[in-house]
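The structure appears below as structure tokens.
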């Protein structure tokens, strides 16, 4: 059920009347005409006020009912296949032929449902849609967006298999305020959500190429993204959006305590590191559990977690019994 809060209608504002300068008896006809014109409407301020009102209304509904109508979390566990449908090297999404991949996905979903029958599994695809690049490109921003045809194709894949879809952003040397508006036409749809990846956010590191260093985002960047999504939810009368934020080092997210939550956006801090199980569990504890934001996520790697032997990719039962809190977002790469 869609949320029912929307933006305030732009009410007419009272005109500001000018007062003749001291010593003048009155204005000319031209001055009177100017004086009687309504003041210009500050549309930005109106939108800010409307967004504030929507936020307060959302808070009120959430306090009364526990969450907003149509919220996915915490009533479901999201299980996602990650990658790019145009790349075999970015993850399981795109690595294998489509039908073969979905057969594997069906098996994974059954494993998770069997591991915790108390909570329904919500299948998802997580497509890296704005991708950090090995070359700077014409504008020197080291990132490239999928074509419209590719985005529409992955949307079709998701809907064909009753999945929600995450569009993931690796900003390179660009910024979220520049990149996120490119995805707004898709995010206006109720089954499409968002991921942001600090690892590939390098705007504060001039001259550094993607993969040379681990990037960073600050709480203000996360807050910008939350406000961006919250506005889309209100303007389009949508259920809450889910936002995943990748993290596997402390510096990937700075000033986490300053992240400001909004009921219209459900924030998942997602432990994105690979390696042997003990290392992954320690990273989850240090960067997710001990620096809580809202909901938690955990990534499993088909290629990297099992190496070197005898290590292995953790099973659903191991994840649920060995991590606190139990993650509500699971991603396979």
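Structure summary
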| read-out | value |
| --- | --- |
| All positions within region 131-156 that are crowded, with 19+ Cβ neighbours inside 10 Å and either under 13 Å from residue 86 (Cβ atoms) or not assigned by TED's automatic domain parsing to the domain that holds residue 92 (or both) | 131, 146, 151, 154 |
| Single residue of 292, 306 found to be under 26 Å from residue 105 (Cα atoms), assigned by TED's automatic domain parsing to the domain that holds residue 128 and surrounded by fewer than 23 Cβ atoms within 10 Å (Cβ to Cβ) | 306 |
| Among residues of region 75-131, those that are within 20 Å of the chain's Cα centre (by Cα) and either modelled with pLDDT under 95 or on the phi < 0 side of the Ramachandran plot (or both), counted | 23 |
| Sole exception among (1) closer than 26 Å to residue 140 by Cα; (2) within 13 Å of the chain's Cα centre (by Cα); (3) surrounded by 19 or more Cβ atoms within 10 Å (Cβ to Cβ) for residue 181, by number | (3) |
| Exclusive hit being at pLDDT 95 or above, within 16 Å of the chain's Cα centre (by Cα) and closer than 23 Å to residue 326 by Cβ, set 266, 289 | 266 |
| Residues of region 115-153 satisfying the condition of being within 23 Å of residue 73 (Cα to Cα) and in contact with a helix residue (DSSP H, G or I) (Cβ under 8 Å, 6 or more places away or on another chain) | 115, 116, 120, 121, 123, 124, 125, 126, 127 |
| Positions within region 196-213 being part of a loop (DSSP other than H, G, I, E, B) and buried (at least 20 other Cβ atoms within 10 Å of the Cβ), in sequence order | 197, 202 |
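Matching residues to (1) under 20 Å from residue 215 (Cα atoms); (2) touching a helix residue (DSSP H, G or I) at 6+ places or on another chain (Cβ under 8 Å); (3) outside any strand (DSSP E or B); (4) assigned by TED's automatic domain parsing to the domain that holds residue 223:
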position	(1), (2), (3), (4)
268	yes, no, no, yes
273	yes, yes, yes, yes
279	no, no, yes, yes
284	yes, no, yes, yes
298	yes, yes, no, yes
302	no, yes, yes, yes
311	no, yes, yes, yes
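The values are calculated or read from the model by the stated rules, or taken from the named source; none is laboratory data. From a predicted model like this one, the values you see are computed outputs, not experimental measurements. Note that each Cβ is placed from the backbone with ideal geometry, even for glycine, and that neighbours are counted across all protein chains shown.
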